[in-house]
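First up is the structure itself, then whatever we jot down about it.
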Amino acid sequence: MAEAWQISAESREEAKKVGIVGARALPPEYKEKVSEVTKYLLGKEYQIHLGGALGADQYALEALISAGAGSKGVLFSAWSTLAGFPREVQKYVEYFSSHRGKVLWGLVPPHSSRSVAIAGLLSRNQRLVNASAGLVAFIYGDSNGTKNTIRKSIERGLKVVVFLCGDNAVLPKISTGRWVELHCGEPWRGAHLFKR
């Protein structure tokens, strides 16, 4: 899988930055898969970008913490303070930031209106995409925010790998290419790579 992101030597440092995103409703039975992917990428010296939401984001954050790799992660926050994060995630964000994890704070104050929060979350996703060379996404159910992030990543030319989680998960339709199932070893077995 790391080979999918091989880029010329002059842009190698930029190529070593991968976003991990996914559904907030991703059930705990997928936590181990998110953790395996995160730890695989850490082992290949990738910097991990994440958003700090529930579900896939939280599982990736927990994997960074359990690997003692806070300095190899960047958390893109929509929120201006820790209080904006979901209560279940706040302790992980606090631990991460106090153990050399980098948090890029957003502008949305806690307890903002729904429209302001959504605008901040979409902006956060765009900042994550702009800073990454690749994206790994975990789709569960509708996953509209995740699918939007996948589309933005493809528009920017990032390498995108998607895991379908659950019976109702479907790949987003993208007219500029096609999805190809990966037939390689763990943790990538069954994932789909977007090909232009």
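No lab work stands behind these numbers, since they all come straight from the coordinates. Note that this is a predicted model, so its numbers are computed, not measured. Glycine also receives a Cβ, built like all others from the backbone with ideal geometry; neighbour counts cover every protein chain displayed.
Quick notes on this one:
- What separates the Cα centres of the stretch 36-76 and the stretch 91-122 is a distance of 16 Å.
- Nearest-0.05 FRET efficiency for Cys184 and Glu88, computed from C-beta distance (R0 25 Å): 0.15
- For the cross-link pairs Lys102/Lys195; Lys72/Lys147; Lys102/Lys173; Lys91/Lys195, the ones whose C-alpha atoms lie over 30 Å apart are Lys102/Lys195; Lys102/Lys173; Lys91/Lys195.
- Highest-MSF residue in the chain out of Tyr95, Tyr59, Tyr46 [GNM, Cα springs under 10 Å]: Tyr95
- Rounded if a/c under 1.5, otherwise prolate or oblate - the chain, Cα gyration tensor axes: rounded
- Ranked by how many other Cβ atoms sit within 10 Å of their own Cβ, fewest first, the residues Thr81, Thr176, Thr146 fall in the order Thr176, Thr81, Thr146.
- In degrees, nearest ten, helix 87-98 long axis to first principal axis of the chain (Cα): 80 degrees
- Förster radius 30 Å - calculated FRET efficiency between Leu171 and Ala119 (Cβ-Cβ, nearest 0.05): 0.70
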